[in-house]
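Working notes, beginning with the structure itself.
The values are calculated or read from the model by the stated rules, or taken from the named source; none is laboratory data. For clarity, every value in this text was computed on a predicted model and none was experimentally measured. Neighbour counts run over all protein chains shown; Cβ positions are idealised from the backbone, glycine included. Keep in mind that these areas ignore ligands, DNA and RNA; they rest on the heavy atoms of the full protein, side chains included. Shrake-Rupley method; radii C 1.70, N 1.55, O 1.52, S 1.80 Å.
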Amino acid sequence: MESKFAIFDFDATIINDNSDSYINELLIEKHHARRERQGRDHDKLSAVDLRRFILPYSIEELYPVYNWPTRMNAAFRYMAEDLDCNTNEILDKIKEIKISDSMKKLINYLAEDDYQLLIVSDANKLFIELILNENGLLDLFAGRIFSNEAFIAENGLIKVRPFYLDHKKDKLPYKCVYCCEDCGQPSICKREIVRDLLENTANKRIIYVGDGRNDFCPALDLQEHDFYFVRRGFNLEKYLDDENLLGKIKANVKFWTSGNEILNQIKSK
């Protein structure tokens, strides 16, 4: 009997936002409040510039050198210590994130069609589960969310643990050549995760949906009967402009802008 799997990235895939960067709006509010306490006027930078430069460069540069959890842990510490932003404010902000109706429709259709639904993401499990729960989808992914663990530490700060610390025997960063193009010490390699999850399933059909460069390497293990959905206008599509990279993928490569477009292509296959 054939086993069917639908594997999703989370940020800019299931949701249209980046769950971590979404708190930039809260950062801006706290940034302005601090300036008011100091008797200073608001910055005259545009909202776009503020979102880009609101975190100190010393924090932003942590991602290319280390990984996303390292960057986010520094950001949470900065928000608490410099901007007087507490954890409940962050979690309340995350709860505002909505999943589009078309993506909900796609996910529910796949569940009803006996697909096992999985999320593989370099965000964090705490935010992902919170957003899914607020949007009524958590039960459909229960036990099948593979992301960096996150928890509220004794000091009250959100702490993110790199995926490799909990899931690799050597507890060392991944060494995938493609993942290392993004950051120095990848916390997650989606290809290895998907391979480990499905290696003992002989007869399987896979749908993979993503948007970022770290969604490329899992495509290398997909087969001719599988479907690989690439979001238009995002980094993965630009990455696949390299025909040598695109040529490494055996699966049916499709492009999408909404859940409805994916659903229509699945139904017509």
Segment 141-153, residues that are among the hydrophobic types (A, V, I, L, M, F, W, C) and either crowded, with 18+ Cβ neighbours inside 10 Å or part of a strand (DSSP E or B) (or both): Phe141, Ile145, Phe146, Ala150, Phe151, Ile152
Total residues in segment 104-137, condition touching a residue at least 60 places away in the same chain (Cβ under 8 Å), part of a helix (DSSP H, G or I) and open to solvent by 10 Å² or more (accessible area, probe 1.4 Å): 3
Near pairs, Cβ below 6 angstrom, 6+ apart or cross-chain, from segment 1-21 (surrounded by fewer than 20 Cβ atoms within 10 Å (Cβ to Cβ)) to any residue that is part of a strand (DSSP E or B): Glu2/Arg205; Ser3/Lys204; Lys4/Tyr115; Lys4/Arg205
Residue list for segment 74-103, filter: within 16 Å of the chain's Cα centre (by Cα) and in a helix (DSSP H, G or I): Ile94, Met103
Sole exception among (1) among the aliphatic types (A, V, I, L, M); (2) touching a residue at least 24 places away in the same chain (Cβ under 8 Å); (3) under 22 Å from Pro186 (Cβ atoms) for Ala74, by number: (2)
Output for segment 58-72, where each listed residue is over 17 Å from Glu129 (Cβ atoms), assigned to a helix (DSSP H, G or I) and open to solvent by less than 20 Å² (accessible area, probe 1.4 Å): Ile59, Arg71
Subset tally (residues that are more than 18 Å from Lys4 (Cβ to Cβ) and charged (D, E, K, R)) for segment 187-218: 7
